[in-house]
Amino acid sequence: MKKNRVLVLGIGNPLLTDDGIGIVAAREIIKKGLAGVDVEEATASGIEVMEMMLGYEKVIVADAIFLPDHEPGEIMHLKEEDFSHTVHGSSPHGVNISTAIALGRQTSPEMMPKDIVFIAMQAEDISTFGESQTEKVARMMSEFIDAVIKEIRK
Amino acid sequence: MAGPIIFDQKVKTDKKRITIDPVTRLEGHGKIDIFLDDKGNCINAYWQVPELRGFERFCVGRHVGELPVLTNRLCGVCPAAHHLASARALDAVFSAEPTPTAHKLRELFYMGQYVHSHIAHFYALAAPDFVLGPAAPANKRNILGVVEAVGVPIGAEVIKHRSYGQKVQEIIGGRATHPVFGIPGGVSKPLTEEERVHIETMAKSCVEFGKFTLKLFNDVVLANKDYLGLITNGKSFYQETNYMGLVDENDKVNFYRGKVKIVSPEGKELAKFEPKDYLNYISEHVEPWTYMKMPVFKPIGWKGLVDGAASGIYRVGTLGRLNVSKGFTTPLAQAAYEGMVKTVRSLGVTGPVHHTLAYHWARVVELQYAAEKMLELASDKSITSTDVRGKIGEPKEGVGIVEAPRGTLIHHYKSDKDGICTGINMIVATTNNNAAIAHEVKKNAMALIRDGMVSPGLLNMLEMSFRCYDPCNSCGTHLLPDGSRALEVRIIDKDGNVKQVLKNF
């Protein structure tokens with residue numbers, strides 16, 4: 001099947017409270033049937049995620065983020081270079097996303113998207129099993145989804 | 001290509017506690033605390049992981065039929081293993097024997113997981129230590145550095161074959177990372193002839209890639225005297241434990257089904273049992289300093305963090321499987337296994353291989369087996385039969401055990417008469433290895449850190465001691481997979497003050 005130019009990729013674990021917001025956003029956006037846009041969800045990381053990006057011109061990643069000194073529900077727009085300091089840093093069984101993107105650019109440069117954007121929302125709880133989000137995060141879900149859609153239209 | 005950098009300059013530290021937190025190239029956040037005495041010698045070390053909460057509570061009250069797709073989200077690393085362990089548990093819960101075709105399809109799917117997982121571990125996690133060396137600069141000691149060293153075409157082959165493993169899982173399992181096909185008594189969809197041919201083609205290529213990887217391991221690791229010495233020195237990276245793994249009726253390794261076999265440090269069979277009887281042989285010890293339980297061989301029990309025949313600690317995973325078995329059912333893997341046995345026998349090893357770094361060796365042998373078995377199953381035209389589900393009975397209690405790439409994985413469910421889950425217990429591979437990993441870290445820290453002399457390379461060697469096990473802390477503590485957690489190492493003095501922190505995030 002021929003791919004569209006743009007991919008929205010919701011990442012997270014839908015069973016882990018706020019970690020699932022990327023998946024929730026992807027499921028809402030797919031319902032809108034936006035022309036020229038593919039929407040995928042992934043409970044994955046590293047090379048898997050990088051492989052899903054191959055062949056697109058632009059990828060918008062929707063994901064939860066957990067940083068010190070940020071309020072739950074805060075929406076952040078991040079670019080590849082914002083993760084550059086972690087390229088050679090922590091990595092799990094495979095590699096982390098920034099290393100995976102670097103690996104993609106190293107081994108399949110012509111297939112990698114020129115533009116990779118991350119729309120992230122600060123999570124409150126990513127360590128309790130549950131399918132719904134915490135109150136502050138749930139309240140910001142529609143703005144989070146709007147931020148992703150705005151990025152598609154850019 | 002320049003040779004690997006195995007040793008680096010050590011500097012004297014006046015710190016009394018070294019902490020590695022979070023561990024690089026390890027799923028789930030881990031932390032190592034190293035305690036030093038006045039002279040700077042390591043006197044204790046703890047490997048710790050954090051916890052996610054409430055998985056059992058989350059599952060109880062749901063229909064047991066949902067568990068294969070819920071438990072596989074426990075982990076972004078080996079969802080296929082959880083999915084199959086869950087399907088095997090449901091076979092038992094519903095007294096449902098899968099048809100021969102269903103067994104073949106599940107096993108073929110699982111070979112995809114092994115190819116994918118073992119390639120990822122060997123090239124992304126282990127190869128940086130072998131190709132570049134444990135003391136290579138940290139910003140090079142990763143898969144990007146490996147690809148730089150071996151060349152982009154080989155890097156592309158690694159990515160290609162890893163993705164073949166993923167593709168096989170997607171074709172059979174319905175989805176690449178979180179499969180949906182395993183159901184009580186079988187699978188939800190048959191394989192078409194076109195799909196079979198596609199998998200057969202990929203499998204042929206994976207067999208060749210398995211040969212290439214074995215040769216690479218021989219050339220880069222075994223032919224290097226320093227590495228071979230590191231693997232076989234018998235002091236660091238060494239512990240004499242019991243071993244556990246699944247075997248078939250001929251005592252050959254089987255990843256998908258069979259009996260669980262446990263052998264002693266001398267190689268004597270201690271037990272061989274059906275999955276449903278696991279509680280007679282395994283008990284879960286709790287230590288106050290870690291969330292993760294420490295299972296032991298129940299008839300011996302917990303004797304502290306020690307190895308030897310008097311200890312109940314056992315090891316699972318690639319080396320564990322080789323140590324309990326008589327090798328493999330496929331020719332190339334069997335030849336590689338025999339070559340490995342011959343090499344270690346020539347070094348004077350008489351029983352099981354206790355050298356922890358040999359986990360990597362066993363892993364590349366298993367990669368060859370998974371590729372060959374994938375080809376064997378995909379070449380069998382009867383695998384496209386549509387008879388993919390057996391009859392199911394009334395729900396009750398059931399246990400399913402498979403070998404995850406990193407070791408024995410146990411799912412145990414209780415159901416009421418309506419199929420509602422009333423209880424769940426899981427012992428995952430990393431938990432099975434937990435006591436051995438904690439012991440390994442402590443033993444190696446005590447061997448490696450003397451007179452306060454530390455270096456990044458030396459601390460990385462400490463990490464290597466547990467990276468061998470391919471530990472995945474995310475499901476070890478029923479913790480979930482964002483896949484980006486990491487490790488911190490802290491050095492602590494005799495008064496408990498943190499003097500130095502090394503982290504990778």
Between beta-carbons, use under 14 Å as the cut-off and find the net charge around B:A102, counting Lys and Arg +1, Asp and Glu -1.
-> +2
Scoring chain A by relative contact order with C-alpha pairs under 8 Å, at least six apart, yields a percentage of 33
Show which lysines lie in cross-link reach of B:K442 when reach means a straight Cα distance below 23 angstrom and same-chain residues fewer than eight apart are skipped.
-> B:K10, B:K12, B:K15, B:K16, B:K31, B:K39, B:K235, B:K293, B:K303, B:K494, B:K499, B:K503
Volume per residue that the Cα convex hull of segment B:387-470 spans, once the total is divided by residue count, Å³ = 123
Please average, across the residues of A:45-51, the number of beta carbons from any other chain that are within 10 Å of each residue's own beta carbon, and give a whole number.
-> 6
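Quick one, what does Rg over Rh come out to for chain B if you take C-alpha atoms and the Kirkwood Rh? Walk me through the numbers on the way to the answer.
Values: Rg = 22.0 Å, Rh = 22.9 Å.
Ratio of gyration radius to Kirkwood radius: 0.96.
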For segment B:148-189 and segment B:409-427, compute the distance between their C-alpha centroids and round to whole Å.
-> 28
Hull surface over four for the Cα convex hull of segment B:294-432, reported in nm², is 11.8
Expected sort for B:395-407, B:425-437 on mean C-beta neighbours within 10 Å, highest first, is B:425-437, B:395-407
Pull up all non-local amide H partners of B:M292: gap of 5 or more, or a different chain, and H-to-H distance under 5 Å with H placed in the peptide plane.
-> B:V49
Inter-chain Cβ neighbour average for residues B:460-470, partner chain, 10 Å | 0
Per-residue ³J(HN,Hα) for segment B:149-165, Karplus 6.51 cos²θ - 1.76 cosθ + 1.60, θ = phi - 60°, Hz, x for Gly and Pro = 6, 8, x, 4, x, 5, x, 5, 5, 4, 4, 4, 6, 4, 6, 4, x
Calculated from backbone phi, Karplus (6.51, -1.76, 1.60) coupling profile of segment B:433-449 in Hz, x at Gly/Pro = 8, 4, 4, 5, 5, 4, 5, 4, 4, 4, 5, 5, 4, 5, 6, 8, 9
How big is the antiparallel share of DSSP beta bridges in the protein assembly as shown, given as a percent to the nearest 5?
-> 65
Trypsin sites (Lys or Arg not before Pro) within segment B:195-285: DSSP coil, no more than 14 neighbouring Cβ in 10 Å | B:K235, B:K268
Check: chain B dipole with +1 on Lys, Arg Cβ and -1 on Asp, Glu Cβ, in debye = 560
Can you tell me the Rg and Dmax of the protein assembly as shown, counting just the alpha carbons, in angstroms?
-> 23.7, 70
Contact order relative to length for chain B, counting C-alpha pairs under 8 Å separated by 6 or more residues, stands in percent at 33
Taking N as the number of residues in segment B:139-200, what value does Rg over Cα atoms divided by 2.2 N^0.38 Å take?
-> 1.56
Can you give me the pair-distance distribution of segment B:104-175, C-alpha pairs, 5 Å bins, whole percents?
-> 4, 18, 23, 18, 13, 11, 8, 5, 1, 0
Arranged from highest to lowest average of other beta-carbon atoms within 10 Å per residue, in what order do the peptides B:347-359, B:365-377 appear?
-> B:365-377, B:347-359
Determine the principal axes of the Cα atoms in segment B:289-334, then give the extent along each, sorted from largest to smallest and rounded to whole angstroms.
-> 44, 24, 15
What fraction of the DSSP beta bridges in chain B is antiparallel, stated in percent and rounded to the nearest 5?
-> 90
For segment A:97-102, what does the Karplus curve 6.51 cos²θ - 1.76 cosθ + 1.60, with θ = phi - 60°, yield as ³J(HN,Hα) per residue in whole Hz, taken in order and with x for Gly and Pro?
-> 4, 5, 5, 5, 5, 4
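Convex hull over the alpha-carbon atoms of segment B:332-404: what's its volume per residue in Å³?
On the way: hull volume 10.6 nm³, N = 73.
Each residue corresponds to 146 Å³ of Cα convex hull volume.
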Binned at 5 Å starting from 0, the alpha-carbon pair-distance distribution of chain A in whole percents comes out as 2, 10, 19, 23, 21, 15, 8, 2, 0
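Peptide A:5-14: average number of partner chain Cβ atoms within 10 Å per residue? Write down the numbers at each step before the final one.
Working: counts 0, 0, 0, 0, 0, 0, 3, 3, 11, 2.
Average per residue, whole number: 2.
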Value of relative contact order over segment B:159-228, rounded to a whole percent, pairs C-alpha under 8 Å and six or more apart = 21
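What does the helix-only formula give at 222 nm for chain A: each DSSP H stretch with n ≥ 4 adding -39500 (n - 2.57), the total divided by the residues, and the result rounded to the nearest 500 deg cm²/dmol?
Values: 5 runs with 48 residues, N = 154.
Only helices count here, giving -9000 deg cm²/dmol.
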Taking A:96-102, B:82-88 and ranking on average Cβ neighbours within 10 Å, highest first, one gets B:82-88, A:96-102
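Read the figures in this text as sums done on the coordinates, not as results from a lab. From a predicted model like this one, the values you see are computed outputs, not experimental measurements. When we count neighbours, we look across all protein chains shown, and the Cβ atoms used for this are built from the backbone with ideal geometry, even at glycine.
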